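Here's the structure we're looking at; comments come further down.
The numbers here are math on the coordinates, done by the rules we state, and not lab data. In this text the structure is predicted, and so the values were computed from the model without any measurement. Neighbour counts run over all protein chains shown; Cβ positions are idealised from the backbone, glycine included.
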Ligand code: NIG
Ligand code: FE
């Protein structure tokens, strides 16, 4: 981060979650100091800053963290939305060759440049809605060639764009036509993962997490176990889809394998919840999907009561076309009965935890990355209370200490 990116937020007395007036100053992309506005102003009075932002009457919050997205693809599925509204289930469409398989066909045909352009636009829309760190999955290639194409696109964005990215290899997103789940698992373990290891060593592609869609009719529990275990052995964090449409004992498996996060969990068992809490395995809940597919809501309250680290994600994909973490928080509060502070924590520090980045991201603390948003309201709750139209509310989005 160059000196030109130094930034201080001044003349502001806004309450943090504990009601104290605080103000952060960022320097070299990191948060330099936090404290009462007058003390911070004194601390920085000698220094010249590239930019000072008057935040009087506004709120500063940590940049939002989106813990689960599928943002690289071609082949949108608005026609399937109409089918779902008419009563088709997600799996009806999947079994008929639509769903993920439809997007896979189009993504295989798309050029790397086309995929990058649409991905970049989507990331910009996410940033505009306050997201400064996002998990991005591959998974619409299924074959090695297209999975690598997607991961290269994610890598390019990671290097070129201001938003933080946690990259996930999700080659086990669906079982390719003509294969069984164990056969697809063999191919991933024997061909895809060794290639990723090689590209990781040469510094061409950086992958953080490994994902599997563990679901009845997709990847069974034992194939899921084999893939996740192999990914873990090569140093990837386990972060996978589980217990979404059917109870699979995915939570129990994830806790046993030391998963960093499991997503969905609409059908998680009581034992799975306890196992996740004990293992400090976070739950990434996806209110958009439960809403869109009219699924049973994940039991957020039970998870919170049992001490599970609950995070949130938009699940942006052609099935759940939502870029906005404020909308996700709103849905989490209304449909999953989370409180507003719980939803904010789930969309910031807990989501950073789900990505293994809570030491550096997800909260306003000295030494952490200068990722924050400034909202044009004296009550931070407006970010959640308001249903849509956040562009006017979110006045600045700051990533690595720089207004974007
Ligand atoms: O998290 N459940 C699996 N994967 C995605 C859906 C992907 C798709 O339908 O294209 C999800 O909801
Ligand atoms: Fe997903």
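List of remarks:
- Viscosity 0.692 mPa s, 37 °C: Kirkwood-radius Stokes-Einstein D of region 248-364 over Cα pairs, µm²/s: 236 µm²/s
- Computed E for residue 395/residue 202 - FRET, C-beta separation, R0 41 angstrom, nearest 0.05: 0.45
- Subtracting the Cα-Cα distance of residue 280 and residue 28 from 0.36 nm times their residue separation leaves 87.5 nm of extension gain.
- For the listed peptides 197-207, 125-135, a ranking on the average number of other beta carbons within 10 Å per residue, highest first, reads 125-135, 197-207.
- Compared with the dominant Cα axis of the chain, that is its longest principal axis, helix 325-336 is turned about 70°.
- Mean-position separation - Cα centroids, region 201-246 and region 46-97, in angstrom: 22 Å
- Using the Cβ-Cβ distance between residue 89 and residue 143 with R0 set to 22 Å, the FRET efficiency from 1/(1 + (r/R0)^6) comes to roughly 0.25.
- Structure-based [θ]222 nm, the chain - -39500 (n - 2.57) summed over DSSP H runs of at least 4, per residue, nearest 500: -11000 deg cm²/dmol
- Rg ratio for region 310-404: its Cα radius of gyration over 2.2 N^0.38 Å, N being its residue count, equals 1.07.
- For region 27-134, the Kirkwood radius over C-alpha pairs fed into Stokes-Einstein at 20 °C and 1.002 mPa s yields D = 117 µm² per second.
- Principal semi-axes in Å for region 144-204 [√(5λ), Cα gyration tensor, largest first]: 25, 13, 8
- Region 155-192 versus region 332-374: alpha-carbon centroid distance in Å: 26 Å
- Percent of Cα pairs exceeding the 26 Å cut-off, where the set is the chain: 52 percent
- Two-site FRET efficiency, residue 179 against residue 216, from Cβ-Cβ distance with R₀ of 25 Å, rounded to 0.05: 0.90
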